[in-house]
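The values are calculated or read from the model by the stated rules, or taken from the named source; none is laboratory data. The shown structure was predicted, so the numbers you read here are calculated from the model rather than taken from an experiment. Counting neighbours? That spans all protein chains shown, and the Cβs are built from the backbone with ideal geometry, glycine included. For the accessible areas, the whole protein counts, side chains as well, though only heavy atoms, and no ligand, DNA or RNA atoms are used. Shrake-Rupley method; radii C 1.70, N 1.55, O 1.52, S 1.80 Å.
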Amino acid sequence: MASFKPTKIQVYPKLGEKVTQDTLYWKNYKAPVQIKEFGAITNIDFSPVAPHNFAVTAFTRIHIYGPFSQEPVKTFTRFKDTAYCGRFRSDGQLLVAGCEDSVVRLFDVSGKVALRMFKGHTKAVHVTDFTSDRYQILTGSDDYSCRIWDIPNATDLTTYQEHTDYIRCGVTSKLNRDLFITGSYDHTVKLFDTRLDKSVMTMNHGQPVESLLLYPSEGLLVSAGGRYVKVWDLLKGGQPLVSLKNHHKTVTCLCLSSNGQRLLSASLDRHVKVYNTTNYKVVHNFDYAASILSLALAPDDESIVVGMTNSILSIKRRKSPEESKETLGQQTRRPSYRVFVKGKNYVPKQDWSADKPVKQHLAKYDKQLKKFNVSKALDTALETWRRHRKPEITVAVIKELDRRGTLKNALAGRDEQGVSHLLNFLIGNLVDPRFAPVLVTAAEMILDIYHSVIGQSPVVDRQLLRLQELLGREIDYQQDLLEVLGMLDTMFASNLPRKEVPCSAISRSNGLTQGKASTSRPELQAS
């Protein structure tokens, strides 16, 4: 008896990834270095001064890492509860951070004990930043207030109570010490001037605001919240310019590349999107293992640092020119001749035979086919993850059932849910040129089997109407393509140069040679 042959899954050619300058630039990073922190990483900030160390805020600690170190070079642990938003001053000598206990702490990077402690908020402080003059601090809290503090005197200079929900993000102007912007869970973004007692501009993001970013010129502001990333023109009174919806879950953080031409956004959907700031189209995408809470880009884009909810800090460092050349050489190098002739003259000292037959491992659908359970085999091939991620497997099983002549039996006898799964798969893949030859036959059988029950299930009826509309559109597309092909053929034919076919001594009128024609005339005259 012949052994069972597994279902042959056809391998379809894949479209190659379009290689652009952005692809080459953003893929030129080494394998990520992963560091386990003590808790979820809520903030990452690079020092603006060389060697550009970066501060990582996680749980009750702030670790400072060097550009090439895998161990922290400095640690601040003087927090009684969860720390938030550790940020460097523009000279890289001071670091400020908020805390769950409502106290704001100011540290000297070269020391350990807090230089100043600012007390006044009544709830957790999630937002901290230095103003451009280096002598004041902005803070935003869950008590709905934002404050400006004086560093030398540790006093509260100004307090604003305009937000109606938690303030979770904020940024200060680097060009004007009196301007700062805050974003809140009340869906608003507010621009404040410390010379006035109220906000000067309000923008409605439409979702709880998670992150803010100012362009270097400070004419444009980017806000992130919900699934949206929005760009606002501050010079036109906060007019919205662009609304981007490329993420599937909440966008948590934003950053800008060193030249200001690429905008990066990270989300809980585990992706980092890179946008071109000219047209705001996605030019690259990074994928990570867990939801992303924080993102930072080193000066000159030398490192991409990402903090995730699983307490993992991922650091990708750019390859040096020498490493890039080595990688390119490894990709293009071919095996040498000795690899192919290796073992050519080897003679075994003893013959070995394997008596035990090799065990055949079959997939679930092949096991059902081997038992002639055709309906169960089709059910297995229609499992949710398989029909969405590997539709070629489902198509191969349908093709095998059709080859056996049992496809109609496998399709028959199904309830409303089973027919719905079949129709969903057809709607998603019927017009795919790779699968159409097989699925058209299956669609015809389904209609033949279940045409008598049309009208009894609103779900199935809606899917049949969708299938009809899909086929109608596809037929219209095919007709339009045929018309375009006809036009192109006419254009190509009219543009081709006309060449005269060389004629031998054969007459175009009767096909006789000139010599025969001349000899026949005297005979006709003589007669």
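Note on region 466-488: among residues that are farther than 19 Å from ASP432 by Cα and open to solvent by 100 Å² or more (accessible area, probe 1.4 Å), the one that is nearest to the chain's Cα centre (by Cα) is GLU483. The listed residues are LYS371, LYS399, LYS376, and the only one of them that is modelled with pLDDT of 85 or more, out of contact with any strand residue (DSSP E or B) (no Cβ under 8 Å at 6 or more places or on another chain), within 30 Å of ARG473 (Cβ to Cβ) and open to solvent by 30 Å² or more (accessible area, probe 1.4 Å) turns out to be LYS399. When region 152-166 is filtered for residues that are farther than 19 Å from TYR228 by Cβ and surrounded by fewer than 20 Cβ atoms within 10 Å (Cβ to Cβ), the ones remaining, listed by number, are PRO152, ASN153, ALA154, THR155, ASP156, LEU157, THR158, THR159, GLN161, GLU162, THR164. Here ARG177 fulfils each of the conditions (1) more than 36 Å from the chain's Cα centre (by Cα); (2) in a loop (DSSP other than H, G, I, E, B); (3) within 23 Å of ILE62 (Cα to Cα) apart from (3).
Listed here are the residues, each with its yes/no results for (1) in contact (Cβ under 8 Å) with a residue 40 or more places away in the chain; (2) out of contact with any Leu (no Cβ under 6 Å at 6 or more places or on another chain); (3) in a strand (DSSP E or B).
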site	(1), (2), (3)
PHE38	yes, yes, no
THR42	yes, no, yes
SER69	no, yes, no
ASP91	yes, yes, no
VAL96	yes, no, yes
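THR82: among the β-branched types (Val, Ile, Thr), at pLDDT 90 or above and surrounded by 14 or more Cβ atoms within 10 Å (Cβ to Cβ), yes or no? When the stated conditions are applied, THR82 passes them.
State whether the residues of region 376-387 include one that is of a type outside the set (A, V, I, L, M) and farther than 20 Å from PRO6 by Cα. Yes, the conditions are met somewhere in region 376-387. Looking across ASP133, ASP143, ASP129, ASP150, one residue alone is in the same structural domain as ASN204 (by the TED database) and free of Cβ contacts under 8 Å to residues at least 40 places away in the same chain. It is ASP150.
Pairing residues of region 433-449 that are under 19 Å from GLN478 (Cβ atoms) and of a type in the set (Val, Ile, Thr) with residues that are in a helix (DSSP H, G or I) and open to solvent by 80 Å² or more (accessible area, probe 1.4 Å), at Cβ distances under 7 Å and at least 6 apart in sequence or on separate chains, gives VAL438/LYS399.
For (1) touching a helix residue (DSSP H, G or I) at 6+ places or on another chain (Cβ under 9 Å); (2) basic (Lys, Arg); (3) surrounded by fewer than 21 Cβ atoms within 10 Å (Cβ to Cβ), each residue gets a yes or a no:
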| residue | (1), (2), (3) |
| --- | --- |
| ARG168 | no, yes, no |
| ASN176 | no, no, yes |
| ILE181 | yes, no, no |
| TYR185 | no, no, yes |
| VAL189 | no, no, no |
| ASP197 | no, no, yes |
| VAL200 | no, no, yes |
| HIS205 | no, no, no |
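Pairs only if they're at least six apart or on different chains, beta carbon under 8 angstrom, first in region 172-192 and in contact (Cβ under 8 Å) with a residue 40 or more places away in the chain and assigned by the TED database to the domain that holds TYR228, second surrounded by fewer than 17 Cβ atoms within 10 Å (Cβ to Cβ) and of a type in the set (Val, Ile, Thr); list them, first residue then second. Pairs that qualify, where the first residue is in contact (Cβ under 8 Å) with a residue 40 or more places away in the chain and assigned by the TED database to the domain that holds TYR228 and the partner is surrounded by fewer than 17 Cβ atoms within 10 Å (Cβ to Cβ) and of a type in the set (Val, Ile, Thr), are SER184/THR164; VAL189/THR202; LEU191/VAL200; LEU191/THR202; PHE192/VAL200. Residues in region 36-73 that are farther than 26 Å from ARG168 by Cα and either open to solvent by less than 70 Å² (accessible area, probe 1.4 Å) or not assigned by the TED database to the domain that holds ASP129 (or both): VAL49, GLY66, PRO67, SER69, PRO72. Taking residues in region 225-243 that are assigned by the TED database to the domain that holds GLU210 and in a strand (DSSP E or B), and partners anywhere that are open to solvent by less than 10 Å² (accessible area, probe 1.4 Å) and hydroxyl-bearing (Ser, Thr, Tyr), the pairs with Cβ atoms closer than 7 Å and at least 6 places apart or on different chains are VAL229/SER265; LYS230/SER223; TRP232/SER223. Inclusion of GLN456 among residues that are over 33 Å from the mean Cα position of the chain (by Cα), at pLDDT 90 or above and open to solvent by 30 Å² or more (accessible area, probe 1.4 Å) is not warranted. Applying the criterion of being open to solvent by 20 Å² or more (accessible area, probe 1.4 Å) and out of contact with any Ser or Thr (no Cβ under 8 Å at 6 or more places or on another chain) to the residues of region 216-227, the residue that is nearest to HIS247 (Cα to Cα) is LEU220.
Among the conditions (1) among the charged types (D, E, K, R); (2) open to solvent by 50 Å² or more (accessible area, probe 1.4 Å); (3) touching a strand residue (DSSP E or B) at 6+ places or on another chain (Cβ under 7 Å), the only one that LYS230 does not satisfy is (2).
For region 82-104, check the following and say yes or no: at least one residue is hydrophobic (A, V, I, L, M, F, W, C) and more than 37 Å from the chain's Cα centre (by Cα). There is at least one residue in region 82-104 that is hydrophobic (A, V, I, L, M, F, W, C) and more than 37 Å from the chain's Cα centre (by Cα). Within region 101-117, residues that are over 12 Å from PHE76 (Cβ atoms) sit with their Cβ atoms under 7 Å from residues that are open to solvent by less than 20 Å² (accessible area, probe 1.4 Å) and charged (D, E, K, R), at 6+ positions apart or across chains, in these pairs: MET117/ARG105.
The set of residues in region 241-267 being more than 24 Å from HIS126 (Cβ to Cβ), in contact with an Asp or Glu (Cβ under 8 Å, 6 or more places away or on another chain) and not hydroxyl-bearing (Ser, Thr, Tyr) consists of LEU241, HIS248, ARG262.
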